[in-house]
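The values are calculated or read from the model by the stated rules, or taken from the named source; none is laboratory data. Computed from a predicted structure; not experimentally measured. Note: ideal-geometry Cβ built from the backbone for every residue, glycine included; neighbour counts use all protein chains shown.
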Amino acid sequence: MMDVVVDGDERDLKRYERQIKIFGEEGQRKLRRAKVIIAGAGGLGSVSAAYLTVAGVGRIRVVDHDVVELSNLNRQILHWDKDIGREKAESFACMDLKVR
């Protein structure tokens, strides 16, 4: 599981400015408090996890019992050569996707 923290300070307001225009500040706070489970860290799960992270979702849990294989690397954007043989969920958890 990976936690992403959005403090609501001026930097965060600037970071999420475009989506706040759509959702409003309360909507962004709801995203920050949201908890999401992604079943599978493959092609779709990888992309979903990355975009949910940068959108400001507060907690993301990835569940996948498969391991990273070389044939995954051309379409599963969260895994690298060093992750081959590692469980996909563990590979995802080690990614530095925290919003800085």
Check: How many residues, within segment 52-64, are assigned to a loop (DSSP other than H, G, I, E, B), within 24 Å of Lys21 (Cα to Cα) and not hydrophobic (A, V, I, L, M, F, W, C)?
Finding: 2
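Return yes when Ser91 is in a helix (DSSP H, G or I), at pLDDT below 90 and under 17 Å from the mean Cα position of the chain (by Cα) and no when it is not. Working first, answer last.
Working: in a helix (DSSP H, G or I): yes; at pLDDT below 90: yes; under 17 Å from the mean Cα position of the chain (by Cα): yes.
Judged against the criteria, Ser91 is a match.
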Margin query: Filter segment 22-51 down to the residues that are of a type outside the set (D, E, K, R), assigned to a strand (DSSP E or B) and surrounded by fewer than 18 Cβ atoms within 10 Å (Cβ to Cβ) and list them by number.
Written below: Val36, Ile37, Ala39
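Conditions tested, residue by residue: (1) touching a helix residue (DSSP H, G or I) at 6+ places or on another chain (Cβ under 7 Å); (2) of a type in the set (Ser, Thr, Tyr).
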{"residue": "Glu17", "(1), (2)": "no, no"}
{"residue": "Lys21", "(1), (2)": "no, no"}
{"residue": "Glu26", "(1), (2)": "no, no"}
{"residue": "Leu31", "(1), (2)": "yes, no"}
{"residue": "Val36", "(1), (2)": "yes, no"}
{"residue": "Gly40", "(1), (2)": "no, no"}
{"residue": "Ser48", "(1), (2)": "no, yes"}
{"residue": "Thr53", "(1), (2)": "no, yes"}
{"residue": "Arg61", "(1), (2)": "no, no"}
Notebook entry, point to check: Taking the stated definitions as given, is Val67 farther than 30 Å from Ile20 by Cα, over 10 Å from the mean Cα position of the chain (by Cα) and surrounded by 13 or more Cβ atoms within 10 Å (Cβ to Cβ)?
Noted result: yes
